[in-house]
Amino acid sequence: MNESLHPLQFVYVWLRQLQVMTIKELRQLSRDRALLIYIIYIFTLDIVIAAGAINTELNQSKLVVHDADHSAASRELIYRFQPPYFSLVGTVTDANQGLYLLDQGDAMLFLDIPERFAATLGQGERAAKVQLLIDTSKATPGFLASSYSARIMADFSREWASQQLLRAGLEPGSVPIIQNQRRIWYNPTLDEAWYGTLAQLLTMITVACLLLPAAALVREKERGNIEQLLVSPLTPFQVMFSKVLAMILVTLVGTAVSLFGVMQPFFGVPIKGSAPLFFALTALYAFTTAGLGLVAATFARNSAQVGMLVLLMVIPINILSGDRTPLESMPLWLQYLTNVFPLRHFIEITFGILLRGAGLAALWDSVLAMTLLGCLLFALGLWRFRRQFG
Amino acid sequence: MNLKRLLAVAYKEWREILRDRIFFLLAFGLPIVLMLVFGYGITPDVENVPLAFVDYDHSALSRDYAQHYIESRYFNFKGYLHSLQEADGLLTGGKIRVAIVIPEHFQEDLMAGRAVAIQTLVDGANTGPARIIQGYADGINSAASGELQMSYIARHLGISLERAQTIIQPIKLEVRYLYNQEVRILWDVAPSLIMFILLLTAPMLTALSVVREKETGAIYNIYASTISGAEFLAGKLLPNILISFINAVILWLMVTFYFGAPFKGNLLFFFFATLFYVICNSSMGLLISLMVRTQIAALMITVVLGFIIGIQFSGMLTPIAALTGSNYVIAHLFPAMYYNTVIQGAFLKNLGLAALWPEVTLFVAYSAGLLGACYFLFHKRTRT
């Protein structure tokens, strides 16, 4: 149809057609008020909510104490379990009562200091035993409580050890010790909001990029609108790519709003690496994920089916890509399998660029994998679409 | 209510589920898939953390020290690096999560009885694991340091290692873990997944089964028939409760046998409570189905609601006690939180009906309330 045109003119017309179609997609989106509110919500309010949703730090763990010794030493030890990690909620007069409180969930830790604790310490003949019972039915706080208690105990123990050493005839400073200087990189204060907001943004971008283009394509199929588009001078590539393009634009604008309008000013999320690189790769991710959605759309006959299909994809992708839990903790076969999820690579890219300040040199493998996936998925979608309507 | 007509609806529903292949797959396949996905995705313990050493000392003692970490199941040793810059590059690229820097003169200083400081550099981008990794490193370091001190003192004073240990560690902390002895996240979260998955699938199945008839127009047959509203609702509900209960049993089997979580409670009581929780959720789906018109809407509402309640307000991931203000109140409005208490009690603590009867009573009351609402909302005549 365009054979008579000069190649440059042909390119111009082709691009113009794509532009018109993309504008049509955007206009369609902007007229669906519910959808528009949803999109605004996921890039703003939802991010704010997510910032306060996760707290992985130990917070006021309830401690109950049984102090059978009533000595200065035992009181000193109890006094070291302080907020914000611990909060002393009570003392009991017999150990069974402590166990009962643990059973009821009214306490998380139970510290049992036996009789003659201070006396044993003073004599230095044998170790003075202290028992700590921890409710680990919640594993993460349980582990942290145990780890922090061990630190408290070690500090306390060290002071008594100095006395013992002097008595044995050794200068405490002359005993070797390996100190652990802990450094947290990329998020020195372990601010939960940095990770929480970024993880939520990625989840929401994924849901939107999968669902919206797929739903748009199926809606055209459902209403028979697609037949009209196909008798027009447009190619199937243009019909499909314009939907992807519209989604890329929405994602870029939304990401910019939530990054510069919400995360940076309110939660201090840093942008350590190159922002243009991040946005370029965000566009690539939107393309890849929208491609996956379009493949799903070619398998569905109506909105209900495409909703179901997207749901079946979006849950495993979000849960298994390492958004919430580190990949290395999963079984090896699953780690290989998650390579086909675009989100897995985009997580590396996002946290790499924004928090760790990584550049292309460190992230080339993720970028390459995502590019390949994107092209493959889009080609597959196009091929199935052509076969259905060509 | 006429039992015969009720059973006819139930039987029709059952046949329909069996014949619709996609729906059948959704009914029995989805819970299994979700259990596998969540089981591996939400719950892994922080293990195999990639770790590298920057050893500036290259001594026998520094290699000994590194061995403590290399042998631990928590870390996955990636090798020795030449410089801090190299560690920086690997941490930035996300190839390792921890780098431990051993300074020059490590061995010399320790042998001379001086204090030495090693550095643990932890990738803090993902805050939760970072805290746990710090805990691991602290534990291993103090064990290694303690061993060293013991042998040093024993050598210098010419006493036994045990005696040296009492001197350097005059207090012995005995930690006992209750209910989850190996402190495995999997054992803590996997049982709760039964709650979460039933919360997602049970309302979804019921809601879809009613809305599907609305969408196809088949519901007009019901409107025109002699079946009463209550009979129709009960007939719809029964097969779906049955399916979800079967799913609950399958999920329980997966949690205990596939993921290996210990079950210490009374099985009969657990399934008794589960049945009522399933009825609660199926009734919730029925209520949703009466308020929406399309399958996609029913699907989205049940899933979104399930995720919000399950993730934020059930006590599965964040303990209820850690919730504040309005979130604390919201959590108490849904049965999920109470069923999570039942699960934690039955799996880890061996609590039975004696301790958990308030929860079960609550499920009954909740179901009755929901079903009552359904009864009043269901009209055989479409509103004009």
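Details
- The trypsin sites (Lys or Arg not before Pro) of region B:45-82 that meet both conditions, a loop assignment by DSSP and at most 10 other Cβ atoms within 10 Å of the site Cβ, are B:R73.
- Taking all Cα pairs closer than 8 Å and separated by 6 or more residues, the relative contact order of region A:103-192 comes to 18 percent.
- A simple spin-label model places pseudo-atoms 7 Å from Cα toward Cβ; at A:L229 and B:T226 they are separated by 5.2 nm.
- Inter-centroid distance (Cα atoms) of region B:35-63 relative to region B:160-237, Å: 30 Å
- Number of partner chain Cβ atoms within 10 Å, mean per residue of B:273-280: 0
- Treating r as the C-beta distance of B:V329 and A:E57 and R0 as 22 Å, the FRET efficiency rounds to 0.40.
- Computed helical MRE - 222 nm, the protein assembly as shown, DSSP H runs ≥ 4 contributing -39500 (n - 2.57), nearest 500: -21000 deg cm²/dmol
- The HN-Hα couplings worked out from phi for region A:214-220 by the Karplus form 6.51 cos²θ - 1.76 cosθ + 1.60 (θ = phi - 60°) are 5, 5, 5, 5, 5, 4, 5 Hz, whole numbers, x standing for Gly and Pro.
- Peptide-level mean, for A:110-121, of C-beta atoms on other protein chains within 10 Å: 1
- Oblate is the label for the protein assembly as shown. Its Cα gyration tensor axes, ordered a ≥ b ≥ c, give a/c of at least 1.5 and b/c at or above a/b.
- Angle in degrees between helix A:236-256 and the longest Cα principal axis of chain A, rounded to the nearest 10: 40 degrees
- Shown here for region A:92-183: trypsin sites (Lys or Arg not before Pro) in loop regions (DSSP other than H, G, I, E, B) with at most 14 other Cβ atoms within 10 Å, namely A:R116, A:R126.
- Once backbone amide H atoms are built at 1.01 Å from N, B:V49 has B:F75, B:N76 as its partners under 5 Å, excluding neighbours fewer than 5 places away on the same chain.
- Dipole check for chain B: with +1 at the C-beta of Lys and Arg, -1 at the C-beta of Asp and Glu, and the Cα centre as origin, the magnitude is about 2120 Debye.
- The loop-placed chymotrypsin sites (Phe, Trp or Tyr not before Pro) in region B:251-292, going by DSSP, include none that has at most 14 neighbouring Cβ atoms within 10 Å of its Cβ.
- Within the same chain, lysines fewer than 8 places from B:K380 are excluded, and of the rest, those with a Cα less than 16 Å from its Cα are B:K214, B:K236.
- Rounded to the nearest 20 debye, the dipole size of the protein assembly as shown about its Cα centre is 3020 debye, using +1 on the Cβ of Lys and Arg and -1 on the Cβ of Asp and Glu.
- Annotation: amide H-H contacts under 5 Å for A:S61 (H modelled 1.01 Å from N, sequence separation of 5 or more, or interchain): A:F86, A:S87.
- Shielding by other protein chains, B:162-169, mean Cβ within 10 Å: 6
- Farthest positive-ward along chain B dipole, Cα basis, beta-carbon charges - from B:L290, B:G146, B:G265: B:L290
- Here r is the Cβ-Cβ distance between A:L36 and A:R386 and R0 is 35 Å; the resulting FRET efficiency, rounded to 0.05, is 0.65.
- Region A:183-272 - percent relative contact order, Cα under 8 Å, separation 6 or more: 44 percent
- Distance between the pseudo-spin-label points of A:D106 and B:E162 (7 Å out from Cα toward the beta carbon): 4.1 nm.
- Take the protein assembly as shown with all the other protein chains still there, run a 1.4 Å probe, and you get 43 Å² of accessible area per residue.
- This model, with +1 at the C-beta of Lys and Arg and -1 at the C-beta of Asp and Glu, gives region B:29-177 a dipole about its Cα centre of some 360 debye.
- Partner lysines for A:K138 [C-alpha distance under 17 Å; skip if fewer than 8 residues away on the same chain]: A:K62, B:K264, B:K349
- For region A:255-369, alpha-carbon Rg relative to the globular expectation (2.2 N^0.38 Å, N residues): 1.18
- Computed over region B:49-168, relative contact order equals 25 percent, with contacts defined as Cα pairs under 8 Å that lie 6+ residues apart.
- Cα-based reach from A:K24 at 16 Å (exclusive), listing lysines while leaving out same-chain residues under 8 positions away: A:K243
- Residues in region B:140-150 carry Karplus couplings, in order, of 5, 5, 6, 5, 5, 5, x, 4, 4, 4, 4 Hz; the curve used is 6.51 cos²θ - 1.76 cosθ + 1.60 with θ = phi - 60°, and Gly or Pro positions show x.
- Where GluC sites (Glu not before Pro) in DSSP loops with at most 12 other Cβ within 10 Å are excluded, longest remaining stretch of chain A: A:126-390
- Stretchable slack from B:R155 to B:L353, in nm (0.36 nm times residue separation minus alpha-carbon distance): 65.3 nm
- Solvent-accessible area buried by pairing B with A, both sides, nearest 100 square angstrom, 1.4 angstrom probe: 8500 Å²
- Those residues of region B:81-115 whose amide nitrogen sits under 12 Å from the label point placed on B:Y56, 7 Å along Cα→Cβ: B:83-85, B:101-106
- Of all DSSP-defined beta bridges confined to the protein assembly as shown, some 20% are antiparallel rather than parallel.
The values are calculated or read from the model by the stated rules, or taken from the named source; none is laboratory data. Keep in mind it's a predicted model, so treat the numbers as computed, not measured. FYI the Cβ positions are ideal-geometry reconstructions off the backbone, even for glycines, and counts take in every protein chain you see. Heads up: the accessible areas ignore ligands, DNA and RNA and are worked out on the full protein's heavy atoms, side chains in. Shrake-Rupley method; radii C 1.70, N 1.55, O 1.52, S 1.80 Å.
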